[in-house]
Amino acid sequence: MKAKNNVPEMPIIRPPSEWQSLLVRVTRGCKWNRCRFCGIYPHLGESGFSIRSVDEVKHDIDLLKQSHPDAKTVFIGDADPLQAGVDLFVEVSGYLRQVLPIKRLTCYARVSTLWKLKKDAIKVLAQAGLNRVHIGLESGDVNTLRFHRKGQSPEIIKETSAWLKDAGIEISFYVLLGLGGSDHWQRHIRETAKLINETEPEFVRLRRLWLYGSDAQFSGPESPLLSEIRTGTFQPQTAEGTVLELKMLIEGLDDNLSTFVVCDHGNNYVYVSGSMKEDKKDILETIDAFLALPEGEREAHYSAVGSQI
């Protein structure tokens with residue numbers, strides 16, 4: 001959302017967990033913008049990518065301070081604000097902490113961007129006050145990542161995760177149920193669980209694959225994956241299949257894993273949350289209880305939640 005009449009620009013998208021955070025826009029859109037399953041920024045009208053000036057961002061922060069003088073958490077957008085460079089991010093972070101009582105500073109980050117920054121730059125970001133990064137892991141399976149043009153591999157995910165942990169920056173991974181389709185879902189989930197066990201992020205946030213088509217509200221293009229579905233290149237997962245994926249993922253996570261796993265998006269069919277160390281048994285019981293419901297009741301629930309595939 002662009003600034004108008006002394007109103008600060010706002011990031012188009014934020015994580016659900018940042019609903020109480022102050023939103024500061026450093027970049028516009030997504031520089032990568034190639035993932036088959038996404039296309040959300042062009043769909044919402046932000047087809048390009050640009051970096052805002054430090055002066056613009058500071059002006060927005062001054063405006064936000066007037067309305068939220070006691071803000072303690074800040075989320076920096078858009079899709080990959082670290083593309084703006086370490087120096088700009090450090091200056092923005094420093095100014096935020098100078099004028100507001102910030103306790104937590106977070107942003108979206110692409111693994112490939114973090115990997116290019118390298119370990120020392122990530123430490124600089126941590127020293128500047130970056131507390132948490134929201135990362136689209138999507139899958140731990142190299143074939144699934146390659147098909148969807150994600151631009152990352154399990155190897156660089158593991159390496160950058162180690163750098164983040166060493167710097168003291170929390171990791172919040174996002175996993176897409178259904179990303180492997182109905183043909184490769186077991187491989188997608190098996191390898192995702194394996195990678196989560198190896199990297200031990202602080203958070204794993206689950207949501208179903210949700211593709212944006214043409215609609216009257218937004219004039220932007222549809223998700224690229226829709227054309228693959230029409231040609232039969234990608235076979236979408238069933239509604240119940242995504243619940244089975246959720247169960248398989250939880251079963252595959254180590255029992256002593258302290259990672260907090262949560263279904264925190266409105267498109268999930270089953271809501272579970274907790275750590276494997278303390279809540280794995282209860283989470284699996286919740287999923288099994290849903291799957292034990294009469295088929296008609298489950299189908300009605302799937303229809304009520306809806307799906308954009």
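The values are calculated or read from the model by the stated rules, or taken from the named source; none is laboratory data. None of the values given here were measured: they were computed from a predicted structure. Positions of Cβ are backbone-derived with ideal geometry, glycine not excepted, and every protein chain shown enters the neighbour counts.
Figures for the structure shown
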quantity: Neighbours by Cβ (under 7 Å, 6+ apart or cross-chain): first from the stretch 117-137, on the phi < 0 side of the Ramachandran plot; second assigned to a loop (DSSP other than H, G, I, E, B) and modelled with pLDDT under 95; calculated: HIS134/PRO15
quantity: Residue count, the stretch 88-118 (criterion: buried (at least 17 other Cβ atoms within 10 Å of the Cβ), among the charged types (D, E, K, R) and under 16 Å from ASP55 (Cβ atoms)); calculated: 0
quantity: Close pairs from the stretch 177-203: first on the phi > 0 side of the Ramachandran plot, partner among the charged types (D, E, K, R), Cβ under 6 Å, at least 6 apart; calculated: GLY178/ARG208
quantity: Residue match in the stretch 179-186 (condition: at pLDDT below 95, surrounded by fewer than 20 Cβ atoms within 10 Å (Cβ to Cβ) and either small (Gly, Ala, Ser) or more than 18 Å from the chain's Cα centre (by Cα) (or both)); calculated: no
quantity: Residue that is farthest from the chain's Cα centre (by Cα), among those in the stretch 143-158 that are crowded, with 17+ Cβ neighbours inside 10 Å and not basic (Lys, Arg); calculated: PHE147
quantity: Residue check for ALA121: farther than 27 Å from ASP254 by Cβ and either aliphatic (A, V, I, L, M) or buried (at least 19 other Cβ atoms within 10 Å of the Cβ) (or both); calculated: yes
quantity: Condition check for GLY241: touching a residue at least 12 places away in the same chain (Cβ under 8 Å) and surrounded by 18 or more Cβ atoms within 10 Å (Cβ to Cβ); calculated: no
quantity: Qualifying residue in the stretch 190-202 (condition: among the hydroxyl-bearing types (Ser, Thr, Tyr), assigned to a helix (DSSP H, G or I), under 15 Å from the mean Cα position of the chain (by Cα) and buried (at least 16 other Cβ atoms within 10 Å of the Cβ)); calculated: yes
